[in-house]
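Input: a single structure, listed below in structure tokens.
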Amino acid sequence: MDAHILVVDDEPEIADLVEVYLQSEGFTVHTCGSGTEALELVKRQPLDLAILDVMLPDISGFTLCGEIRKEHHFPVLMLTAKAEDTDKITGLTIGADDYMTKPFNPLELVARVKAQLRRYTRYNEVDRGSGDVLDINGLVINRATHECWLYDQPLVLTPIEFDILWMLCENRGQVISAERLFESVWKEKYLDRNNTVMVHIRRLREKMGEPSRNPRFIKTVWGVGYKID
């Protein structure tokens, strides 16, 4: 796969490790040790993807990602030594496409890079801007074609499951109550003790291979509803 990838990390051993694994897959890798250096490279070198460390010596990876997003739409993957959800949410809010915590498995990083590049190639900016295609950290859902993919693997969903997932994705970051989901999808009045939504959420998680205790995508906010970050 002929693609140019930017790796920004002030730890040479990390940058070198990532570079070796990516080059072994045929990628052209450009490494930078600071955000300032990276911004200069972005101006002169066409890129297909960027891997940014959050903690840099001059500007943060979040700031760097925000600057990149002003002009470019290629995928951005964030690396951080922290595991806090607040960091993850910050990164995704300012335009990152994926997020990995150090220490990480280099093979998993390569797999995520490939997945991001495939999605970026498959869905051009016209599709993304139409409002019919949503791409959330490897979950891609297309309202126009009623198709859904998770890490480039198709998900076979019923119309009801699709509508539930679309509503959660379209309202990313917001908690949607079971009552609102039911009345929007089923077009019927919600009654107390109606477990229909809960059952469908469980089926969706099963199809997505999501653990019930700590799901990556569909989160339960107890006593309130469901959300996708």
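The values are calculated or read from the model by the stated rules, or taken from the named source; none is laboratory data. Just so we're clear, the structure is a prediction, and the values are computed from it rather than from any experiment. Heads up, the Cβs are rebuilt from the backbone with ideal geometry, glycines too, and the neighbour counts pull from every protein chain shown.
Values computed for the structure shown
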item	result
Residues satisfying the stated conditions in the stretch 129-188, i.e. closer than 18 Å to G95 by Cα, free of Cβ contacts under 8 Å to residues at least 40 places away in the same chain and not aliphatic (A, V, I, L, M)	G129, S130, G131, D135, E170
The stretch 203-229, residues that are basic (K, R) and within 22 Å of L134 (Cβ to Cβ)	R203, R205, K207, R216, K219, K227
Some residue of the stretch 65-75 being closer than 21 Å to L139 by Cβ, modelled with pLDDT of 90 or more and surrounded by 20 or more Cβ atoms within 10 Å (Cβ to Cβ)	yes
Matching residues, the stretch 101-120, being assigned to a helix (DSSP H, G or I) and either among the β-branched types (V, I, T) or farther than 17 Å from Q23 by Cα (or both)	V110, V113, R118, R119, Y120
Scan of the stretch 185-208 for residues that are loosely packed, with under 10 Cβ neighbours inside 10 Å and either within 14 Å of L150 (Cβ to Cβ) or touching a helix residue (DSSP H, G or I) at 6+ places or on another chain (Cβ under 8 Å) (or both), ordered by number	K189
Matching entry among P211, P154, P215 (being in contact with a strand residue (DSSP E or B) (Cβ under 9 Å, 6 or more places away or on another chain), surrounded by fewer than 18 Cβ atoms within 10 Å (Cβ to Cβ) and closer than 26 Å to V113 by Cα)	P154
Residue match in the stretch 49-57 (condition: without any contact (Cβ under 8 Å) to a residue 40 or more places away in the chain and not in a loop (DSSP other than H, G, I, E, B))	no
Only listed residue being at pLDDT below 90 and under 26 Å from L64 (Cβ atoms), chosen from L134, L150	L134
Whichever residue in the stretch 21-48 is among the small types (G, A, S) and assigned to a helix (DSSP H, G or I) and, among such residues, is surrounded by the fewest Cβ atoms within 10 Å (Cβ to Cβ)	G35
Subset of the stretch 69-78 that is out of contact with any helix residue (DSSP H, G or I) (no Cβ under 6 Å at 6 or more places or on another chain) and not in a loop (DSSP other than H, G, I, E, B) - its residue that is farthest from E19 (Cα to Cα)	R69
L92 being out of contact with any Ser or Thr (no Cβ under 9 Å at 6 or more places or on another chain), closer than 24 Å to K219 by Cα, modelled with pLDDT under 95 and assigned to a strand (DSSP E or B)	no
